[in-house]
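The values are calculated or read from the model by the stated rules, or taken from the named source; none is laboratory data. In this text, all values refer to a predicted model and were calculated from it rather than measured experimentally. All Cβ positions, even for glycine, are placed from backbone atoms using ideal geometry, and neighbour counts span all protein chains on display. We work out accessible area using only protein heavy atoms, side chains counted, and drop any ligands, DNA or RNA first. Shrake-Rupley method; radii C 1.70, N 1.55, O 1.52, S 1.80 Å.
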Amino acid sequence: SDREQLFGFFETEVLTTFLDSTLWSRIQQADSVTVEQPIDGVVTVNDVDIELHGTADFVIEMPSGEQHVTDVKITLSEQTAETRRRYELQVAAYAYLFEQQDRSATVHQSIEAFGVDRATVKDSVSPSTIEERLQDLVRR
């Protein structure tokens, strides 16, 4: 049945690879882990206030004081380059907002994709890119 296939997919393609992932190792070593952490902020660009809202799948506080913001994607097909770029911008925006809240914190960002297209993408877009994109938006 479809339900059995779905559970089989989840167990073999998602759960098994999650338990072997860097994300799972990091969770086990963390001082604290928050799941579905809302993150909101206001960024002022050229005297224009822009509200950003999101929810980070995992926010992991390490004993070193470093913070890891991770977004998890379950892939049912191969990701396109455009999809990966959107995901990278999404998690970079989360990291940017966390950095704005605590400028002394070191914030790392990653995307963990499980399923058909297994991938880990770390710190691929600088959070400062978010500010640049917002400046471009305001100029238009």
Report, by residue number, each residue of region 35-50 that is surrounded by 12 or more Cβ atoms within 10 Å (Cβ to Cβ) and either on the phi > 0 side of the Ramachandran plot or of a type outside the set (A, V, I, L, M) (or both). Gln37, Gly41
For residues in region 109-129 being free of Cβ contacts under 8 Å to residues at least 60 places away in the same chain and in a strand (DSSP E or B), which is nearest to Phe98 (Cα to Cα)? Gln109
Going by the structure shown, is Ser124 closer than 30 Å to Gly8 by Cα and among the small types (Gly, Ala, Ser)? no
Sort out which residues of region 51-71 are among the β-branched types (Val, Ile, Thr), buried (at least 18 other Cβ atoms within 10 Å of the Cβ) and over 14 Å from Ser124 (Cβ atoms), and write them in order of number. Val59, Ile60
Scanning region 12-34 for residues that are small (Gly, Ala, Ser) and either touching a Gly at 6+ places or on another chain (Cβ under 7 Å) or over 14 Å from Ser64 (Cα atoms) (or both), the one surrounded by the most Cβ atoms within 10 Å (Cβ to Cβ) turns out to be Ser21
What are the pairs, 6+ residues apart or on separate chains, where a residue within region 18-30 that is touching a residue at least 24 places away in the same chain (Cβ under 8 Å) has its Cβ under 9 Å from a residue that is assigned to a helix (DSSP H, G or I) and of a type outside the set (Ser, Thr, Tyr)? Phe18/Trp24
Residues located in region 93-116, provided they are acidic (Asp, Glu), modelled with pLDDT under 90 and buried (at least 17 other Cβ atoms within 10 Å of the Cβ): Glu99
Which numbered condition Leu6 fails, given (1) under 18 Å from Phe114 (Cα atoms); (2) open to solvent by 40 Å² or more (accessible area, probe 1.4 Å); (3) modelled with pLDDT of 90 or more; (4) not β-branched (Val, Ile, Thr): (3)
Answer from Gln90, Gln100 - the residue that is within 22 Å of Gln37 (Cα to Cα), touching a strand residue (DSSP E or B) at 6+ places or on another chain (Cβ under 9 Å), in contact (Cβ under 8 Å) with a residue 40 or more places away in the chain and not in a strand (DSSP E or B): Gln100
For residues in region 31-55 being outside any strand (DSSP E or B) and closer than 29 Å to Glu131 by Cα, which is modelled with the lowest pLDDT? Asn46
Take the conditions under 17 Å from Ser128 (Cα atoms), surrounded by fewer than 17 Cβ atoms within 10 Å (Cβ to Cβ) and aliphatic (A, V, I, L, M) and apply them to Leu89. Does it pass? yes
